[in-house]
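Undergrad: Submitted below is the structure of interest, expressed as structure tokens.
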Amino acid sequence: MNTINELKTFNESYDELYGVNEMDLEKIQSLVLHIESCRDITTPQVGDIVQFTNSYGEYHAYAHIENVCKDQLYICEKPYVPFIEANQHTNKIKTSTSGGAWFFIPSNIRYVGTARKSFKTWGHNGPCANGAVQFTAEVSVWEYTKGEHKFTTKTHDKFLVHNREHDKETDYNYLISKGGQRHAAFKTKEEYQHWLKTFNGVEAAENNFNSIVVWTYKQVNTSIPLEEYLALSNANIDTILWNGKHYECKRVVEGTTVTTYMPYMNDRIEINKI
């Protein structure tokens with residue numbers, strides 16, 4: 001942040017309440033200089049980013065280093081924007097963030113490069129409601145994977161499939177969830193197998209309560225104008241169940257990503273017979 005106007009643009013609500021001033025700018029400039037000058041490409045530092053894959057194969061591109069111990073790093077898998085301050089007496093940086101989960105990992109991890117990262121600090125009005133000023137600074141990026149994995153969410157999607165074939169109270173035999181949220185449901189095993197084939201799904205491990213972990217290619221849904229949809233030539237035509245109805249769609253496979261295209265809602269092509 002080189003000017004007050006740049007800082008105002010980045011902190012509109014704070015500026016409206018308290019007014020960004022020279023004190024804020026000087027504090028931010030001092031913090032940025034301090035953060036960037038203490039980076040070390042051989043040793044992870046507080047505030048750095050870790051591209052972290054946990055023991056379940058779940059990838060987090062922006063894990064945050066909160067503390068550096070002798071042989072370990074204390075990291076947050078999914079951090080909020082961390083508060084940061086520089087201790088004038090020890091010349092060390094200290095951060096405080098919320099989020100989870102938290103892990104200790106080895107400190108001898110692989111250096112990847114640099115990236116800009118968002119931080120917060122209290123503005124000239126001190127600790128108060130909406131009194132934080134946000135800014136960015138360049139930090140080092142590292143990589144660490146816990147354990148060995150055939151698949152991770154960096155390149156694939158991870159689902160939990162619940163087999164409900166013996167549950168008389170449900171109309172759907174296969175319920176698909178992702179991240180705790182329902183993703184899809186199928187009445188028959190044939191429908192479920194078609195979903196697996198479409199997205200190159202692999203049943204990886206059994207779980208409790210008649211459920212299994214399934215890995216598929218990354219699944220992306222997008223709506224486009226009808227003209228663009230009709231012009232898609234390098235795509236496979238398929239059907240998709242959407243809000244209880246079957247529609248035509250087109251799917252494009254690139255690497256380990258399957259993108260499903262549909263026209264905008266009013267132009268969707270309903271399929272009456274599958």
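The values are calculated or read from the model by the stated rules, or taken from the named source; none is laboratory data. Quick caveat, the model's predicted, so the values are computed rather than measured. Cβ atoms come from the backbone with ideal geometry, glycine included; neighbour counts cover every protein chain shown. The area values use the complete protein model at the heavy-atom level, side chains included, leaving out ligands, DNA and RNA. Shrake-Rupley method; radii C 1.70, N 1.55, O 1.52, S 1.80 Å.
Undergrad: A 30 angstrom limit on the alpha carbon distance is what I want to check against. Which of Lys78/Lys197; Lys8/Lys154; Lys189/Lys245; Lys78/Lys245; Lys189/Lys218; Lys8/Lys158 exceed it?
TA: Result: Lys78/Lys197; Lys8/Lys154; Lys78/Lys245; Lys8/Lys158 exceed 30 Å.
Undergrad: May I ask you to derive the FRET efficiency for Trp242 and Asp40 from their Cβ-Cβ distance with R0 = 41 Å, giving the value to the nearest 0.05?
TA: After rounding to 0.05, the efficiency reads 0.20.
Undergrad: Where does the Debye-calculated log10 I(q)/I(0) of the stretch 119-274 sit at q = 0.12, 0.17 Å⁻¹, using only Cα point scatterers of equal weight, no solvent?
TA: -0.71, -1.03
Undergrad: Which net charge results for the neighbourhood of Lys250, defined as the other residues with beta-carbon distances under 14 angstrom from its beta-carbon, given Lys and Arg at +1 and Asp and Glu at -1?
TA: -4
Undergrad: Between Leu160, Leu232, Leu175, which gets the highest mean-square fluctuation from a Gaussian network model of the chain, Cα cutoff 10 Å?
TA: With Cα springs under 10 Å in the chain, the top fluctuation among Leu160, Leu232, Leu175 is at Leu232.
Undergrad: Next up: All other residues with a Cβ under 11 Å from the Cβ of Asn200 taken together, and with Lys, Arg as +1 and Asp, Glu as -1, what is their net charge?
TA: So the surrounding residues net to +1.
Undergrad: From a point 7 Å beyond the Cα of Glu22 in the direction of its Cβ, which residues of the stretch 119-162 have a backbone N at a distance under 19 Å?
TA: It comes to 123-126, nothing else.
Undergrad: Mind ordering 45-54, 88-97 by average Cβ neighbours within 10 Å, highest first?
TA: Most protected by this proxy first, the peptides run 45-54, 88-97.
Undergrad: Apply the Debye scattering formula to the stretch 178-254, with a single equal point scatterer on each alpha-carbon and no solvent, then give log10 I(q)/I(0) at q = 0.17, 0.18, 0.19, 0.27 Å⁻¹.
TA: Cα-only, vacuum Debye calculation for the stretch 178-254: -0.82, -0.90, -0.99, -1.61.
Undergrad: Suppose R0 equals 45 Å. What FRET efficiency, 1/(1 + (r/R0)^6) with r the Cβ-Cβ distance, do Cys128 and Val253 give to the nearest 0.05?
TA: For Cys128 and Val253, the calculated efficiency is 0.30.
Undergrad: Full extension from Glu138 to Glu12: what is 0.36 nm times the residue separation minus their Cα-Cα distance, to one decimal in nm?
TA: 43.1 nm
Undergrad: On the Cα set of the stretch 55-166, report Rg and Dmax in Å, please.
TA: 17.8, 67
Undergrad: While we're looking at this one, here's another question. What are the lysines whose alpha-carbon lies under 20 Å from the alpha-carbon of Lys92, with same-chain residues fewer than 8 places away excluded?
TA: Filter leaves Lys27, Lys70, Lys117, Lys120.
Undergrad: In deg cm²/dmol, rounded to 500, what helix-only [θ] at 222 nm does the chain give when every DSSP H run of at least 4 residues adds -39500 (n - 2.57) and the total is split over its residues?
TA: The helix-only estimate for the chain comes to -5000 deg cm²/dmol at 222 nm.
Undergrad: Between Asn200 and Ile4, what length comes free when the chain is fully extended (0.36 nm per residue of separation minus the Cα-Cα distance, one decimal in nm)?
TA: Result: 65.4 nm gained on full extension.
Undergrad: Counting heavy atoms of the protein chains only and a 1.4 Å probe, report the per residue accessible area for the chain as a whole number of Å².
TA: In whole numbers, the chain has 60 Å² accessible per residue.
Undergrad: Taking Rh as the Kirkwood radius, which is the inverse of the mean 1/r over Cα pairs, what is the Rg/Rh value for the stretch 1-117?
TA: 1.01
Undergrad: Another question, then. Provide the gained length on full extension for the span Leu232 to Ala101, in nm with one decimal, where the gain is 0.36 nm per separating residue minus the Cα-Cα distance.
TA: 43.0 nm
Undergrad: Given the C-alpha atoms of the chain, compute the convex hull and give its volume per residue in Å³.
TA: Normalising the Cα hull of the chain by residue number yields 202 Å³.
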